[in-house]
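Before any comments, here is the structure.
The values are calculated or read from the model by the stated rules, or taken from the named source; none is laboratory data. Predicted, not measured: the structure shown is a model, and the values here were computed from it. Neighbour counts run over all protein chains shown; Cβ positions are idealised from the backbone, glycine included. Quick note on the areas: whole protein, heavy atoms, side chains included, nothing else; ligands and nucleic acids left out. Shrake-Rupley method; radii C 1.70, N 1.55, O 1.52, S 1.80 Å.
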Amino acid sequence: MKIMLADDEESIRIVVEHIVTEDGYDFCYAADGAEALVVFEAENPDLVILDVMMPKLNGFDVCTQLRKKGSNVPIIILSAKGDIVDKSVGFKAGADDYLVKPFSTLELSLRIEALLRRREHQTGGAGEAEKESVKLGELEILFKRYEARLKGKRVELTPKEFKILAYMASHPGEVFTREQLLTYVWGEDYVGELTGIAVFIRKIREKIEEDPSKPKYLQTVWGVGYKFGEKE
C-alpha cells in the first residue's frame, strides 16, 4: 500500500516518510496543495495525509476537491491547531481523522493502520464492527487509544511491539506463523531473518507477563508460531 503526504515542511516529510516506510508502506510526497492534486492522480495512494497550512491550496481545500472528484481514500488532516472549530472544518471537508502537531510516531502509525483496516473491511463489504478493546485476564488492549494496560497501568511498548500485540489480540486463539507476523509488520518485501519476530515476542513478554518463561498471553505453539490467549 502507498501513503501520500502533502506538507511544505521538510522536517515533517522526513519524519512521516520514516514512519510509513518502517511500517512497510510505499511513500509519495507533495510540497504544496496544488502539487498534491497532481501527485494524487499520478500515484493513486491508499491513504493521504494533508497539512492544513500549505502554499497554493490549504489542506482543507485539497480534501474538499478530492471528495468532489469522488475519491473515498482515507484522509488524515495535520494541524498545529487542536481547537474544535478547526477540527470541524476538516471533518466537514471530508477528512476521516485529525492529528495535532507535534504527534507521536506510534499514534500516526496506528491511525494509518486503523484507517486502512477500516477501508479494507468496507471494501470487502463484510466483517464485524471494529472492536475498541480486548481484555484477557489482567491485560487489556485498547486499540483506538493505541495502548496496552496491565492491572490498570499503561505498558510502555514500542510502535512495532504494540502492532504485533494488537494484531494477535484482535484474533485471540488464532495461531500466527513467524512469516505471517513479519509480513504484517514489515510488509511482503521484507527479507530479514525470521528470528527477528522471536526477539520482539520476548521483549513484549518481558513487559506483560508475570513470568516471561511461562507466558499466559503470548503463547508459543511449538513448530508453528504464536497465539494470543490465556492458559487455563
Whose amide H sits under 5 Å from the amide H of residue 155, counting only residues 5 or more places off or on another chain, with H placed in the peptide plane? 148, 149, 150
For the chain, which whole percent of the accessible surface, found with a 1.4 angstrom probe, sits on carbon and sulfur atoms? 50
Karplus-derived 3J(HN,Hα), 6.51/-1.76/1.60, for each residue of segment 64-71, Hz, glycine and proline x: 4, 5, 4, 5, 5, 7, x, 6
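Please compute the contact order of segment 1-102 in relative form: average sequence separation of alpha-carbon pairs under 8 Å and at least six residues apart, divided by the residue count, as a percent.
Working: 176 pairs, mean separation 25.3, N = 102.
Normalised by residue count, the contact order of segment 1-102 is 25 percent.
Given R₀ = 35 Å, FRET efficiency for residue 56-residue 105 by Cβ-Cβ distance, to 0.05?
Details: r = 28 Å, r/R0 = 0.81.
Result of the calculation: an efficiency of 0.80.
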Which ³J(HN,Hα) values in Hz, rounded to whole numbers, follow from the phi angles of segment 209-221 under the Karplus curve 6.51 cos²θ - 1.76 cosθ + 1.60, where θ = phi - 60° and Gly and Pro get x? 9, 5, 10, x, 6, 10, x, 9, 9, 9, 9, 8, 9
Under 8 Å for C-alpha pairs, at least 6 residues apart: give me the relative contact order for the chain, rounded to a whole percent. 13
Segment 6-68: translational diffusion in µm²/s, Stokes-Einstein, Kirkwood Rh over Cα pairs, 25 °C, 0.890 mPa s: 208
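Going by the alpha-carbon gyration tensor, a ≥ b ≥ c the square roots of its eigenvalues, is segment 1-119 rounded (a/c under 1.5) or, if a/c is not under 1.5, prolate (a/b greater than b/c) versus oblate?
Values: a/c = 1.23, a/b = 1.10, b/c = 1.11.
Verdict is rounded for segment 1-119.
Provide Rg over Rh for the chain; use the alpha carbon set for both Rg and the Kirkwood Rh (inverse mean inverse pair distance). Mind dumping the intermediate values first?
Values: Rg = 19.1 Å, Rh = 19.0 Å.
That ratio equals 1.01.
So, for the chain, what is the accessible surface per residue at a probe of 1.4 Å, expressed in square angstrom?
Working: 12260 Å² over 232 residues.
In whole numbers, the chain has 53 Å² accessible per residue.
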To the nearest 0.05, the calculated FRET efficiency linking residue 183 and residue 34 through their beta-carbon distance, R0 being 45 Å, is 0.75
Both in Å, the radius of gyration and Dmax of the C-alpha trace of segment 45-107 are 11.1, 32
Identify which of 198, 148, 166 has the largest mean-square fluctuation in a Gaussian network model of the chain, with springs joining Cα atoms closer than 10 Å. 198
